[in-house]
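Peer 1: Handing you this structure, nothing more for now.
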Amino acid sequence: RTGWLDRLKTGLRKTGSSITTVFTGTRIDDALYEDLETALLLADTGVAATEFLLADLKRRVKDSRATEPAQVKMLLQEAIEEMLAPLEKELVVGEYHPTVIMVAGVNGAGKTTSIGKLTKHLADAGATVLLAAADTFRAAAREQLSVWADRNKVEIISQQGADPSAVSFDAVAAGRARSMDVVLVDTAGRLPTQKHLMEELSKIRRVVTKADVTAPHEVLLVIDGNTGQNALAQVKAFDAAAQLTGLIVTKLDGTAKGGVLCAIAREYPAQGRPMPVYFVGVGEKLEDLQTFRAREFAQALLA
Ligand code: GDP
């Protein structure tokens, strides 16, 4: 079994739009920058972030008096790393009892799997975790979450057909009563276009705050790394509905292009605050959840 960084590299390389091939020539000229622009756009970097990176790179090339495309590649890696650095953040639990973490996302993004991985991550760190199955509608969703609860030997609060807000309220109250370290609330998958479901998410958030005025402490959006530029639209929509505090980006071991993180990094400080990426998913196993590191990601993107 290969290491996760290798899987990330392989995943990001599979796209065929490999950015690194741009630097195989011998000259730093307009053609190189044009090819790079195309490669960045194909990697889902988006127009704004691509323009920013190109301008930044040209400045770096000038300042460093680089003469070889290989040097330009290293400068691009630096520029990407610098751009992504504000997305790095450690998920801290322990300040509140319980720390309430809501998790949202569209169906199939890897939300339930990520909750299982996150539960293991927290339990391994010694935290007591209570899971709340706020997807009360889909029986399969509740079952899947109980499987993760069993595997991690943690308790779960689940009630078929109940109101998702009510289950979340109960879970937070139970978490307080039992002095749990973390309450993880799994919400149903939903699309930004499903207005009533986005409102339901806002309501869950409000009701969680009624159970504990300081909560939720984290509202995480799980996005599929393959979603491309649509991921940015998802971030904005879920942020508007539930005031996100961070992201988990999944499936970066697959065919994801990765550039969308640059798009998010470009967009979010522009909105006055960063949108941290707490974790990246690089496989289907419990241990395949990794802390996001800008340097490693920039290296993998250009591998
Ligand atoms: P949900 O609908 O958002 O809860 O999505 P699931 O957690 O059920 O995941 C959907 C599919 O994606 C499942 O087959 C997961 O095994 C798979 N998956 C989730 N995260 C990752 C990841 O990081 N890498 C890979 N390769 N597959 C993943």
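Peer 1: For a quick check, take a GNM of the chain with Cα springs below 10 Å and name the residue from 85, 149, 31 with the largest mean-square fluctuation.
Peer 2: Comparing 85, 149, 31 in the GNM, the peak value goes to 31.
Peer 1: Still on this structure, please answer the following. What residue among 254, 272, 283 has the largest mean-square fluctuation in a Gaussian network model of the chain, using Cα springs under 10 Å?
Peer 2: Of 254, 272, 283, the most mobile in the Gaussian network model is 272.
Peer 1: May I pose another question? For a Förster distance of 41 Å, can you work out the FRET efficiency between the beta-carbons of residue 206 and residue 285, rounded to the nearest 0.05? Before the final figure, lay out the partial values.
Peer 2: On the way: r = 35 Å, r/R0 = 0.86.
So the FRET efficiency works out to roughly 0.70.
Peer 1: For region 47-60, what does the Karplus curve 6.51 cos²θ - 1.76 cosθ + 1.60, with θ = phi - 60°, yield as ³J(HN,Hα) per residue in whole Hz, taken in order and with x for Gly and Pro?
Peer 2: Calculated HN-Hα couplings, in order: 5, 4, 5, 5, 4, 4, 5, 5, 5, 4, 5, 4, 5, 5 Hz.
Peer 1: Using Cα positions and a limit of under 12 Å, work out the aspartates and glutamates in reach of residue 203, with same-chain residues fewer than 8 apart set aside.
Peer 2: 163
Peer 1: Could you pull out the longest piece of the chain with no exposed loop GluC sites (Glu not before Pro) in it, calling a site exposed if DSSP puts it outside H, G, I, E, B and it has at most 10 other Cβ atoms within 10 Å? Write down the numbers at each step before the final one.
Peer 2: Details: sites that count: 90, 95.
That would be 96-303.
Peer 1: Expressed in whole Å with the largest first, what are the equivalent ellipsoid semi-axes of the chain derived from the C-alpha gyration tensor as the square root of 5 times each eigenvalue? Walk me through the intermediate numbers first.
Peer 2: Numbers: eigenvalues 298, 66, 53 Å².
So the equivalent ellipsoid measures 39, 18, 16 Å along its semi-axes.
Peer 1: A further question follows. Carbon and sulfur: what percent of the chain's accessible surface (1.4 Å probe)?
Peer 2: Carbon and sulfur: 50 percent of the exposed surface of the chain.
Peer 1: Once the Cα atoms of helix 69-84 and of the chain are each reduced to a long axis, what angle between those two axes, in degrees from 0 to 90 to the nearest 10, is obtained?
Peer 2: Approximately 30 degrees, to the nearest ten.
Peer 1: Given contacts defined as C-alpha pairs under 8 Å and at least six residues apart, what's the relative contact order of the chain, whole-number percent?
Peer 2: Worked out over the chain, it gives 28 percent.
Peer 1: Just going by the charge dipole of the chain, with Lys and Arg at +1 and Asp and Glu at -1 on Cβ, which of 12, 39, 197 is farthest out on the positive end?
Peer 2: 197
Peer 1: Still on this model: Mind checking which lysines have their C-alpha under 17 Å from residue 120, skipping anything on the same chain fewer than 8 residues away?
Peer 2: List returned: 111, 153, 285.
Peer 1: Let me ask you something else. Per the helix-only calculation at 222 nm, which mean residue ellipticity applies to the chain, given -39500 (n - 2.57) for every DSSP H run of n ≥ 4 and division by its residues, nearest 500 deg cm²/dmol? Kindly include the intermediate steps, with their values, before the conclusion.
Peer 2: Details: 11 runs with 148 residues, N = 303.
Here the helix-only value at 222 nm equals -15500 deg cm²/dmol.
Peer 1: Check residue 224: other-chain or 5+ apart residues with amide H under 5 Å from its amide H, H built from backbone geometry?
Peer 2: 250
Peer 1: Let a ≥ b ≥ c be the square roots of the eigenvalues of the Cα gyration tensor of region 41-129; is it rounded (a/c under 1.5), or, if not, prolate (a/b larger than b/c) or oblate? Walk me through the numbers on the way to the answer.
Peer 2: Details: a/c = 3.39, a/b = 2.36, b/c = 1.44.
Because a/c hits 1.5 or more and a/b exceeds b/c, region 41-129 counts as prolate.
Peer 1: Residue 195 versus residue 92, label points 7 Å from Cα toward the beta carbon: distance in nm?
Peer 2: 4.0
Peer 1: Moving on. If I stretch the segment between residue 179 and residue 229 completely, what's the gain in nm (0.36 nm per residue apart, minus their alpha carbon distance), one decimal? Don't jump to the answer; show the numbers that get you there.
Peer 2: Working: separation 50, 0.36 × 50 = 18.00 nm, distance 4.08 nm.
Here the answer is 13.9 nm.
Peer 1: If you count only protein heavy atoms with a 1.4 Å probe, what accessible area per residue comes out for the chain, rounded to a whole Å²?
Peer 2: On the way: 13300 Å² over 303 residues.
On a per-residue basis, 44 Å².
Peer 1: How would you classify region 1-54 from its alpha-carbon gyration tensor, with a ≥ b ≥ c the square roots of the eigenvalues: rounded for a/c under 1.5, else prolate if a/b is greater than b/c, otherwise oblate? Intermediate values should be presented prior to the final figure.
Peer 2: Working: a/c = 2.92, a/b = 1.64, b/c = 1.78.
Taking the square roots of the gyration eigenvalues as a ≥ b ≥ c, region 1-54 is oblate.
Peer 1: What list of ³J(HN,Hα) values in whole Hz, one per residue of region 250-260 in order, does the Karplus curve 6.51 cos²θ - 1.76 cosθ + 1.60 (θ = phi - 60°) give from phi, with Gly and Pro shown as x?
Peer 2: 9, 6, 6, 8, x, 10, 5, 9, x, x, 4
The values are calculated or read from the model by the stated rules, or taken from the named source; none is laboratory data. No experiment lies behind these values; they were computed from the predicted model shown. All Cβ positions, even for glycine, are placed from backbone atoms using ideal geometry, and neighbour counts span all protein chains on display. With ligands, DNA and RNA removed, areas are computed over all heavy atoms of the protein, side chains included. Shrake-Rupley method; radii C 1.70, N 1.55, O 1.52, S 1.80 Å.
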